[in-house]
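To start, the structure under review is shown below, and the notes come after it.
The values are calculated or read from the model by the stated rules, or taken from the named source; none is laboratory data. Every value quoted in this text rests on a predicted model; they were computed, and no experiment measured them. Cβ placement follows ideal geometry from the backbone for every residue including glycine, while neighbour counts extend to all protein chains displayed. For the accessible areas, the whole protein counts, side chains as well, though only heavy atoms, and no ligand, DNA or RNA atoms are used. Shrake-Rupley method; radii C 1.70, N 1.55, O 1.52, S 1.80 Å.
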Amino acid sequence: MNEKELTSTLPERIAGLGALAYNLWWSWTPSARELFRAIDLETWRACGYNPVRFLAHLSPDSLSQAAADPTLLARYDAVMNEFTTEMNAAATWPGSSDEGVLAYFSAEFGLHVSLPFYAGGLGILAGDYLKECSDSHLPVVGVGLLYSRGYTWQRVRDDGWPEDIEEILDRSLDPIQQVNDGQGRPLVVQIPLLDPPVHAAVWRINVGRIPLYLLDTDIDDNQPWDRAISHHLYTANLEQRLRQEITLGMGGMKVLEALGIRPSALHINEGHPALATLTWMQSLVTAGQSFDAARQWVQQHTVFTTHTPVAAGTDVFPFAMLDKYLSHLYAPLQTDQAALFQLGAHPENPGAGFNMTVFALRMARFSNAVSQKHGQVARQMWASLWPGKKVEDVPITAVTNGVHLPTWIDPNRLRPLLDEYLGADWMARQDDPQTWTAVDAIPDSTWWDAHRQSKSALLAQIDKRAKRRWRDDKVAATNVIAYGALLEPDVLTLGFARRFTGYKRPDLIFTDMERIKRLLSNADRPLQIIFAGKAHPADLEGKRLIQRIFRLAQDPAYAGRIAFVEDYDQQLARYLVHGVDVWLNNPLPPLEASGTSGMKAAANGTPNLSILDGWWLEGYQEGNGWAFGGDAPFGDRTGADAEALYRLLEEKIIPLYYAPSDDEMPHGFIQVMKKAMKSAAPAFSARRMVNDYVGQFYLPILA
Ligand SMILES: *Cc1c(COP(=O)(O)O)cnc(C)c1O
């Protein structure tokens, strides 16, 4: 299925729905979302909020009915008008006459629940970035890989062990289309350096105004080992991983070339796509430049963002493995093995192999970390690349991450409130703190009512999932309770959802079992905690952490006040950040580069209870949430951090939430919620982040 085919099945009067369905713009535009819901809510839900699937499933009768319904048609016309105006606006760099295109490369993109091409925070960030580039009308294209088996469902067994269930993607009904060459045949590009030749098909996702191109080697032309290059995210086999990065970076540049897109600037998101710079250099050398001139030119036009605060988190490929592929490149680049390898050699351990982060840092004019703290960590970590420079002068700056507010702010409960109190054009002023002062004008009763509705929606979603597992899969009754069937709407609710892995310490709150049990089962002022998160398939420690928490959730001693919800994804993340009362985060400092789920929570008025690391060092202010773990105790800090966490709960948060009031509303707590939103939404929006990238890096490059 593609846009043309889908459109041809629709009644003429509403044929524009085809284009709308194939553009994710609808997903962050409430009026467009409501249009699909208004056509047939039940089918919309049954089709997983995927408009392509939805329109394909509607009967001809329902479609003609929709095309004859005056109320619906009025809505349709308004949405299509907004859509067309937005898509046809000119793309520009603010304050610049340059119309050059920036190509943004990333190994993952998290865009919508129907498109599972991400593993975690990095992908969600890249997706939010593209959406914001669309809203800001910037001339940007995205490049990534299409993972045909990227998707795993999480199923927790009766004994608490999480299993990963792989699902092969059905591309035919996703909002994604195969790109054609000019002659109506599927476009196929040959991946550089791979021999015998490997080919990739190209898919396109419309992210509003921004095209995202994804390479796919899982096609009939290729041998099994080559088809598997784009099966999984971050494949474990190192050589296959290198081939994946060649496909992403170098194949990605070939796709742009085949489409006639000549980027003026390149943004490498994390080290995986960095080989794109070599393909760019090759085109310059072919056009007559020397190796050094080409390297300098590409470097002058490249931005690199590092997301990893641990040196071991970067890909290092043995030189012999690299030589097997790059040896085809020495002559075309007019260079030799030594000069090329030198670019990826870490000065502290030059024999270790080709380090992709080192290479990317050397190939970029501007490099940045993703929070101020991470900037300090990264400058320290990579200081040896700039011998003679003081650590504070190492040229790695920071652009703190941000989240796409139209995607993450609750469209059903909060957005109408904000439209009313902040003024209808508040989205255009979203990064101005002044815009948000009007939050104080929202009456506490209105605010609390909206929050209670979001919380009910979360608990209803959890209930629905638990019942489905009981009914369809006949899981043990204790599992139904562990999934959250006994959660209660009036109980103070903590949310903890992220990738389960050791350094994130999901079980920190269980350090003192007796103390947490007292808090959970307190008769007057109880607490409940909702956990969600997947572990990487190979991360046994992460899986053991899930098992530990799931078993506690099954245990009657905790009175049903611990829940573990399966299958953490973008949709569940939305319910959670909208609906819990407090967002908990307690990684081991300084390992959280930024963290973005806390920003999503705060932008929805859900205060953070977080250790001082990553973005929270910038985000925390007196009265907008709670912070702990400021100074780094030497050695094992588990006990000290857990103590600080318990004390905040016992002395501050629980009393504030359950404070008696005449009208049964926790006014003090609502103050914290409002301050969370006012302080975080403008400063940690993707709008602010993209503006920083444009002002600090893109404009100087394009000038
Ligand atoms: C936001 C988000 C993340 C990243 O959150 P962190 O706080 O950085 O861990 C991961 N997964 C999903 C589904 C998200 O929505």
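Can you confirm whether the range 117-134 contains a residue that is surrounded by fewer than 21 Cβ atoms within 10 Å (Cβ to Cβ) and away from the ligand (no atom under 15 Å from the Cβ)?
no
Can you work out which of the residues in the range 560-595 that are away from the ligand (no atom under 14 Å from the Cβ) and open to solvent by 10 Å² or more (accessible area, probe 1.4 Å) is nearest to THR638 (Cα to Cα)?
PRO589
Of the residues GLN190, GLN223, only one is in contact with a Pro (Cβ under 6 Å, 6 or more places away or on another chain), over 19 Å from GLU108 (Cβ atoms), surrounded by fewer than 16 Cβ atoms within 10 Å (Cβ to Cβ) and in contact (Cβ under 8 Å) with a residue 24 or more places away in the chain; which?
GLN190
So which residues in the range 496-507 are more than 18 Å from the chain's Cα centre (by Cα), within 15 Å of the ligand (Cβ to nearest atom) and crowded, with 19+ Cβ neighbours inside 10 Å?
Matches in the range 496-507: ARG505, PRO506.
Going through MET87, MET1 one at a time, which residue ends up being more than 30 Å from ALA424 (Cα to Cα) and open to solvent by 40 Å² or more (accessible area, probe 1.4 Å)?
Of MET87, MET1, the one residue that is more than 30 Å from ALA424 (Cα to Cα) and open to solvent by 40 Å² or more (accessible area, probe 1.4 Å) is MET1.
Does ASP431 fit the bill of being touching a residue at least 60 places away in the same chain (Cβ under 8 Å), within 23 Å of SER136 (Cα to Cα) and not assigned by TED's automatic domain parsing to the domain that holds GLY614?
yes
From the set of residues in the range 596-629 that are among the hydroxyl-bearing types (Ser, Thr, Tyr) and open to solvent by 10 Å² or more (accessible area, probe 1.4 Å), which is farthest from VAL113 (Cα to Cα)?
Here the residue is TYR620.
List every residue pair whose Cβ atoms lie under 7 Å apart, where the two residues are 6 or more positions apart in sequence or sit on different chains, the first residue falls within the range 506-534 and is modelled with pLDDT of 95 or more, and the second residue, located anywhere, is open to solvent by 60 Å² or more (accessible area, probe 1.4 Å) and polar (S, T, N, Q).
From residues that are modelled with pLDDT of 95 or more, there are no pairs.
Residue by residue through the range 597-611, note down the ones that are within 10 Å of the ligand (Cβ to nearest atom) and either closer than 18 Å to GLN453 by Cα or part of a helix (DSSP H, G or I) (or both).
Correct list: SER597, GLY598, MET599, LYS600, ALA601.
Out of all the residues in the range 399-430, which are within 16 Å of the ligand (Cβ to nearest atom), more than 24 Å from TYR575 (Cβ to Cβ) and either open to solvent by 10 Å² or more (accessible area, probe 1.4 Å) or not hydrophobic (A, V, I, L, M, F, W, C) (or both)?
Within the range 399-430, THR400 is the sole residue that qualifies.
Only residues that are charged (D, E, K, R) and within 23 Å of the chain's Cα centre (by Cα): list them for the range 255-310, please.
GLU270
Given (1) open to solvent by less than 10 Å² (accessible area, probe 1.4 Å); (2) within 11 Å of the ligand (Cβ to nearest atom); (3) closer than 17 Å to ALA119 by Cβ, where does ILE546 come up short, assuming only one miss?
It fails just one condition, (2).
Run TRP153 past the list (1) open to solvent by 40 Å² or more (accessible area, probe 1.4 Å); (2) within 16 Å of the ligand (Cβ to nearest atom); (3) modelled with pLDDT of 95 or more and report the number of the one that doesn't hold.
Failing condition for TRP153: (3).
For the range 658-674, which positions are buried (at least 20 other Cβ atoms within 10 Å of the Cβ) and touching a strand residue (DSSP E or B) at 6+ places or on another chain (Cβ under 8 Å)?
VAL672
Report yes if TRP436 is part of a helix (DSSP H, G or I), over 27 Å from the mean Cα position of the chain (by Cα) and closer than 27 Å to LYS678 by Cβ, otherwise no.
no
Scan the range 200-218 and give yes if some residue there is over 21 Å from LEU130 (Cβ atoms), touching an Asp or Glu at 6+ places or on another chain (Cβ under 7 Å) and touching a residue at least 60 places away in the same chain (Cβ under 8 Å), otherwise no.
Taking every residue of the range 200-218 in turn, none turns out to be over 21 Å from LEU130 (Cβ atoms), touching an Asp or Glu at 6+ places or on another chain (Cβ under 7 Å) and touching a residue at least 60 places away in the same chain (Cβ under 8 Å).
Conditions tested, residue by residue: (1) modelled with pLDDT under 95; (2) over 22 Å from LEU256 (Cβ atoms); (3) touching a strand residue (DSSP E or B) at 6+ places or on another chain (Cβ under 9 Å).
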{"residue": "ARG157", "(1), (2), (3)": "yes, yes, yes"}
{"residue": "ASP164", "(1), (2), (3)": "yes, yes, yes"}
{"residue": "LEU173", "(1), (2), (3)": "yes, yes, no"}
{"residue": "VAL179", "(1), (2), (3)": "no, no, yes"}
{"residue": "VAL202", "(1), (2), (3)": "no, no, yes"}
{"residue": "ASN222", "(1), (2), (3)": "no, no, yes"}
{"residue": "ASP226", "(1), (2), (3)": "no, no, yes"}
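Looking only at the range 612-626, decide whether some residue is more than 13 Å from the ligand (Cβ to nearest atom) and in a strand (DSSP E or B).
Within the range 612-626, one or more residues are more than 13 Å from the ligand (Cβ to nearest atom) and in a strand (DSSP E or B).
What's the total number of residues in the range 536-553 that are touching a strand residue (DSSP E or B) at 6+ places or on another chain (Cβ under 9 Å) and either under 26 Å from ALA457 (Cα atoms) or among the basic types (Lys, Arg) (or both)?
So the count comes out to 6.
Which number in (1) within 26 Å of ALA428 (Cα to Cα); (2) open to solvent by less than 10 Å² (accessible area, probe 1.4 Å) marks the one condition that ALA642 misses?
Exception for ALA642: condition (1).
Considering only residues that are open to solvent by 10 Å² or more (accessible area, probe 1.4 Å) and assigned to a helix (DSSP H, G or I), which ones fall in the range 29-46?
Residues satisfying the conditions are PRO30, SER31, ARG33, GLU34, ARG37, ALA38, ILE39, LEU41, GLU42, THR43, ARG45, ALA46.
Kindly check whether there is at least one residue in the range 102-111 that is of a type in the set (A, V, I, L, M, F, W, C), in contact with a Phe, Trp or Tyr (Cβ under 8 Å, 6 or more places away or on another chain) and more than 29 Å from TYR693 (Cα to Cα).
No, because not a single residue in the range 102-111 is of a type in the set (A, V, I, L, M, F, W, C), in contact with a Phe, Trp or Tyr (Cβ under 8 Å, 6 or more places away or on another chain) and more than 29 Å from TYR693 (Cα to Cα).
How many residues does the range 230-276 hold that are more than 22 Å from PRO211 (Cβ to Cβ), of a type in the set (Ser, Thr, Tyr) and open to solvent by less than 10 Å² (accessible area, probe 1.4 Å)?
Number satisfying all stated conditions: 0.
Within the range 277-319, which residues are over 26 Å from GLU239 (Cα atoms), open to solvent by 20 Å² or more (accessible area, probe 1.4 Å) and in contact (Cβ under 8 Å) with a residue 40 or more places away in the chain?
Matches in the range 277-319: THR286, SER290, PHE291, GLN299, GLN300, HIS301.
Does ALA557 meet the test of being away from the ligand (no atom under 11 Å from the Cβ), among the small types (Gly, Ala, Ser) and either farther than 21 Å from GLY598 by Cα or open to solvent by less than 30 Å² (accessible area, probe 1.4 Å) (or both)?
yes
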